[in-house]
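> Right, I'll just put the structure down here and ask away after.
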Amino acid sequence: MALLSDLVNLNLSDSTEKVIAEYIWIGGSGMDLRSKAKTLSGPVDDPKKLPKWNYDGSSTGQAPGKDSEVIIYPQAIFKDPFRRGNNILVMCDCYTPAGEPIPTNKRHNAAKIFSHPNVVGEEPWYGIEQEYTLLQKEVKWPIGWPVGGYPGPQGPYYCGIGADKAFGRDIVDAHYKACLYAGINISGINGEVMPGQWEFQVGPAVGISAGDELWVARYLLERITEIAGVVLSFDPKPIQGDWNGAGAHTNYSTKSTRNEGGYEVIKKAIEKLGLRHKEHIAAYGEGNERRLTGRHETADINTFTWGVANRGASIRVGRDTEKEGKGYFEDRRPASNMDPYTVTAMIAETTILWKP
């Protein structure tokens, strides 16, 4: 008698050329990931060769019931670490039947910015530090915390080890390996300052691929927490009080900043970011005002500052970049629940295309 796990782990290539494609898209809240699967006649490695599909947008808050069809366009393919074999994950974006991007489709505008010749010529690289919190399913309280109570103060948990300091490492490691298997350029993980909070980094990734890879990495993490019976939170300040919030620090460089004389280019880019501070903050995630207080390694939400090695600034420049006179900088303002398509494209638009 076969066990359920035996059937889940069946290797389809033993008996058929058909493969399963899991189509992934972003739902109506702008943060809820949705997915459904379809059978393909054989392996596919180019999203342009995949069929478009549709879903009921009235059930995701993206269309009225009387005209509910939303069309999903395949945009990027990743290997599926759950089904394995030739099965794939497909990151999609969403359109009306007439071919217009729906309001929650942030990828469409980002792709336009990243295809601008001036942006293409600068080859923007991104490294995104995605922080998140793992919560107990029944009580929505961080894992490792006493129900209704608090652990000891922050200090021993950042990059900590031990059963009284690191909670959820099996989930974190499973996610790390799943991302590598999928073909996501995940560059590391670490435990964060607040217990039950972790971080993974995606990058360096060029242009639109940074958004595709971060969204699929988020998808994998939520699927893994589903298996583990743990709730995943991207709330930028999950616990009020003397506890760190959760951000998505975005590291950025261009061909000009990476070449000789790049430090002067960085300073001009930061000046432009400062002039558009309010517009960026408005697009950097909901609830960010609870996180950007000027405490817990943040700058105040209403104030734009930058500094070398300053984790209390809006923009941080690394010591190595200052010393070498070229490199990258880090925008520390984005919240953990930001849309990476919006943030990466906006940084490129402001620093490369925008004329003050």
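The values are calculated or read from the model by the stated rules, or taken from the named source; none is laboratory data. What you see is a predicted model; the values in this text were computed from it and never measured. Ideal geometry is used to build each Cβ from the backbone, glycine not excepted, and the neighbour counts take in all protein chains shown. Heavy atoms of the whole protein, side chains included, go into the accessibility calculation; ligands, DNA and RNA do not. Shrake-Rupley method; radii C 1.70, N 1.55, O 1.52, S 1.80 Å.
> Find the residue count for the stretch 339-356, including only residues that are out of contact with any Asp or Glu (no Cβ under 9 Å at 6 or more places or on another chain) and either touching a residue at least 40 places away in the same chain (Cβ under 8 Å) or not in a loop (DSSP other than H, G, I, E, B) (or both).
Final tally of qualifying residues: 7.
> Taking residue 237 and the conditions (1) within 22 Å of residue 314 (Cα to Cα); (2) touching a Leu at 6+ places or on another chain (Cβ under 8 Å), which numbered condition does it fall short on, given that it satisfies the others?
For residue 237, the failing item is (2).
> List pairs: first in the stretch 137-152 and farther than 9 Å from residue 196 by Cα and touching a residue at least 60 places away in the same chain (Cβ under 8 Å), second of a type in the set (Val, Ile, Thr) and surrounded by 10 or more Cβ atoms within 10 Å (Cβ to Cβ), Cβ under 7 Å, 6+ apart or cross-chain?
Once the first residue is farther than 9 Å from residue 196 by Cα and touching a residue at least 60 places away in the same chain (Cβ under 8 Å) and sits in the stretch 137-152, its partners that are of a type in the set (Val, Ile, Thr) and surrounded by 10 or more Cβ atoms within 10 Å (Cβ to Cβ) give 137/230; 137/231; 140/231.
> May I ask you to verify whether residue 53 is within 22 Å of residue 180 (Cα to Cα) and out of contact with any Pro (no Cβ under 6 Å at 6 or more places or on another chain)?
no
> Oh, and also: Please verify whether the stretch 238-254 includes one or more residues that are in contact with a helix residue (DSSP H, G or I) (Cβ under 6 Å, 6 or more places away or on another chain), over 21 Å from residue 335 (Cβ atoms) and modelled with pLDDT under 95.
No - not one qualifying residue is present in the stretch 238-254.
> Still on this model: Identify, by number, the condition in (1) under 18 Å from residue 227 (Cα atoms); (2) part of a strand (DSSP E or B) that residue 190 doesn't meet.
(1)
> Here's something else I'd like to know. So, residue 202, is that one in contact with a strand residue (DSSP E or B) (Cβ under 6 Å, 6 or more places away or on another chain), aliphatic (A, V, I, L, M) and buried (at least 22 other Cβ atoms within 10 Å of the Cβ) or not?
Answer is yes for this residue.
> Quick check on my filter: what residues within the stretch 166-183 are assigned to a loop (DSSP other than H, G, I, E, B) and farther than 17 Å from residue 131 by Cα?
Listed by number, the list holds a single entry, 183.
> State whether one or more residues within the stretch 175-197 are in contact (Cβ under 8 Å) with a residue 60 or more places away in the chain, β-branched (Val, Ile, Thr), open to solvent by 20 Å² or more (accessible area, probe 1.4 Å) and touching a Gly at 6+ places or on another chain (Cβ under 7 Å).
No: the stretch 175-197 contains no residue that is in contact (Cβ under 8 Å) with a residue 60 or more places away in the chain, β-branched (Val, Ile, Thr), open to solvent by 20 Å² or more (accessible area, probe 1.4 Å) and touching a Gly at 6+ places or on another chain (Cβ under 7 Å).
> Scan the stretch 116-157 for residues that are more than 25 Å from the chain's Cα centre (by Cα), crowded, with 18+ Cβ neighbours inside 10 Å and acidic (Asp, Glu) and jot them down.
none
> May I pose another question? Residue 223 - would you say it is in a helix (DSSP H, G or I), under 14 Å from the mean Cα position of the chain (by Cα) and charged (D, E, K, R)?
So residue 223 fails the test.
> Further, regarding this structure: For the stretch 320-354, name all the residues that are under 23 Å from residue 308 (Cβ atoms), of a type in the set (S, T, N, Q), open to solvent by less than 10 Å² (accessible area, probe 1.4 Å) and touching a Phe, Trp or Tyr at 6+ places or on another chain (Cβ under 8 Å).
If the condition is that a residue be under 23 Å from residue 308 (Cβ atoms), of a type in the set (S, T, N, Q), open to solvent by less than 10 Å² (accessible area, probe 1.4 Å) and touching a Phe, Trp or Tyr at 6+ places or on another chain (Cβ under 8 Å), then 321 is the only one that fits.
> Which residue out of 72, 102, 113 is of a type in the set (A, V, I, L, M, F, W, C) and either open to solvent by 70 Å² or more (accessible area, probe 1.4 Å) or closer than 29 Å to residue 176 by Cβ (or both)?
72
> Only one of (1) under 20 Å from residue 173 (Cα atoms); (2) part of a strand (DSSP E or B) is not met by residue 216, so which one is it?
Unmet for residue 216, out of (1) under 20 Å from residue 173 (Cα atoms); (2) part of a strand (DSSP E or B): (2).
> May I ask you to list pairs of residues, at least six apart or on different chains, whose Cβ atoms are under 7 Å apart, with the first in the stretch 203-219 being acidic (Asp, Glu) and the second being in a strand (DSSP E or B)?
212/75; 212/76; 212/91; 213/202; 213/205
> Residue 216 passes all but one of (1) open to solvent by 30 Å² or more (accessible area, probe 1.4 Å); (2) within 21 Å of the chain's Cα centre (by Cα); which number fails?
Failed condition: (1).
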